[in-house]
1. Search the stretch 321-334 for residues that are within 13 Å of Val70 (Cα to Cα) and in contact (Cβ under 8 Å) with a residue 40 or more places away in the chain and pair each with any residue that is among the acidic types (Asp, Glu) and crowded, with 16+ Cβ neighbours inside 10 Å when their beta-carbon atoms are under 6 Å apart and the residues are at least 6 apart or on different chains.
2. Can you find a residue in the stretch 103-114 that is crowded, with 24+ Cβ neighbours inside 10 Å, within 27 Å of Leu437 (Cα to Cα) and at pLDDT 95 or above?
3. Restricting attention to the stretch 263-276, does a residue exist that is of a type in the set (D, E, K, R) and in contact (Cβ under 8 Å) with a residue 60 or more places away in the chain?
4. So which residues in the stretch 273-296 are of a type in the set (D, E, K, R) and either crowded, with 21+ Cβ neighbours inside 10 Å or touching a Cys at 6+ places or on another chain (Cβ under 8 Å) (or both)?
5. What is the one condition in (1) out of contact with any His (no Cβ under 7 Å at 6 or more places or on another chain); (2) of a type in the set (A, V, I, L, M); (3) over 20 Å from Asn42 (Cβ atoms); (4) in contact (Cβ under 8 Å) with a residue 60 or more places away in the chain that Ala153 does not satisfy?
6. Kindly evaluate Trp238 against the criterion of being over 27 Å from Val37 (Cβ atoms) and touching a strand residue (DSSP E or B) at 6+ places or on another chain (Cβ under 6 Å).
7. How many residues, within the stretch 190-239, are in a loop (DSSP other than H, G, I, E, B), among the charged types (D, E, K, R) and farther than 20 Å from Ser298 by Cβ?
8. How many residues are farther than 20 Å from Ala73 by Cα and basic (Lys, Arg) when one looks only at the stretch 146-183?
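The values are calculated or read from the model by the stated rules, or taken from the named source; none is laboratory data. Owing to the predicted nature of the structure, the values given are computational and were not obtained by experimental measurement. With ideal geometry, Cβ positions are generated from the backbone for all residues, glycine too; neighbour counts draw on all protein chains shown.
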Amino acid sequence: MLRKNICAVALAASTLLPAGMVTAAPVGGYVVGGDPVLPSENYGWMASLRLAPNQLSHLCGATVIDRRWVLTAAHCVVHEVEDGVFQVVPPSALNVMVGSNYAPVEDPGTLYTITHVVVHPGYTPNPVLKIVQNSDGTQTVDVLSTALNNDVALLRVGREFASTIPVVRLADSNKADELDLVLGQQWSDAARPKNTRVSGWGSTQTDGTGMSDRLLKTDLSFVPMDECFQRLELGNEWNFILDSPLNRTKLCTLPPEVIRDAEGSSLEHGADSCKGDSGGPLRAQDQLGDWYQLGIVSGGPVGKLTCGSLARPSFYTRVGTYYDWITQQVGRLPEHPITAPDIISDSPNSGTGSGDTGDGGTSGGGTTPDNVPKDQETVDLSRCNAAVDEDAIAHTNCSLSGADAGSLSWQILMGLLALMLYRIWRARAWRPGDKALIHKSCE
């Protein structure tokens, strides 16, 4: 699997607004450097989120956490349909496939319809900045929310999963703290441990292309948060991914070793989650040998390699931080088919997503854009093409498709990015060293 991308982040200059746009990169398929999951291995809790209008194509990974619920990433189901305008994919456009290690649909009995989509209220795909113009002509910038913050969502299925489908074990707050400590003590840059495991149907290529028809798995190295912060944020004027070395909403990994070709020559990259792995699990064993899901595949910084970088960590949503929120949602029937995040305006059909945000932080800083539509509209998901933009932050999903083009073309995306960068330059809100992100889904 390869690592996720967060799409292009740009900063707009206003008193209080979402910072630019994290352009949705395609949600892809599988793990870079992964090995096939064998039938004898019990990965029955592994789920594939599918797009019903697109011939049930794979969109993201997910995990079965209850007889009627799966856990995934928020960016898999919240898409930016135009600059600053976000919509939740309706349940009618989604299916979940459970009980098969193969990507092609071979048995309709493995498909489950979705009745409810619940997104964490505080989910913010892009960094949210407060930019203050000072009387002396300078600017003060506060990062109110980082990119892909609170990147967690839940999907309820229309019927109970088959009795043969197991439930993944989630790390609660105490178990997450325990694993953070144990795994963190194992870290050594000189001898990286293989102490976490990611699985999915995502891209197997470092450029984020390609799809695996088999469920793959690979072992990764857990990176302590202070080390991850140094690698992603140290020296940057603003912190767009991690707010501090003490961040408790995300986790990080790096490849444990270099992948070599058949002749033994270095390919200069390692194993990683990648496009299409978004929403899938990062797991680890405790000291008793029991496996727990401690992370949800979320994103990573963009570079020459979309996935598999030996130096730039991938990041994951920390399950233990959101455990109480997850269990609270699973324990009740949602009032509306869609419970939208606070970045989307209230709508009679969507639900507000208001209420307790759990331990996951604030609810987006009250920065809902004025141009967000009041009514939920159908998201055009007729096509889903894997694409990668080296200069952008992207998640591991597919780019949203337009009705008149093969996909929301990268020429258009780059045009939008150029316009945003121009606005940033005019506002003098961009500095060298600012980075872009990618998430690992297919949109």
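1. Val330/Asp66
2. So in the stretch 103-114, the residues crowded, with 24+ Cβ neighbours inside 10 Å come out as 112.
If we keep only those that are within 27 Å of Leu437 (Cα to Cα) too, we end up with none.
No: the stretch 103-114 contains no residue that is crowded, with 24+ Cβ neighbours inside 10 Å, within 27 Å of Leu437 (Cα to Cα) and at pLDDT 95 or above.
3. Yes, the stretch 263-276 contains at least one residue that is of a type in the set (D, E, K, R) and in contact (Cβ under 8 Å) with a residue 60 or more places away in the chain.
4. To start, the set of residues in the stretch 273-296 that are of a type in the set (D, E, K, R) comprises 275, 277, 283, 286, 290.
Correct list: Lys275, Asp277, Arg283.
5. Only one criterion is unmet by Ala153, namely (1).
6. Spelling it out, Trp238 is indeed over 27 Å from Val37 (Cβ atoms) and touching a strand residue (DSSP E or B) at 6+ places or on another chain (Cβ under 6 Å).
7. 4
8. 2
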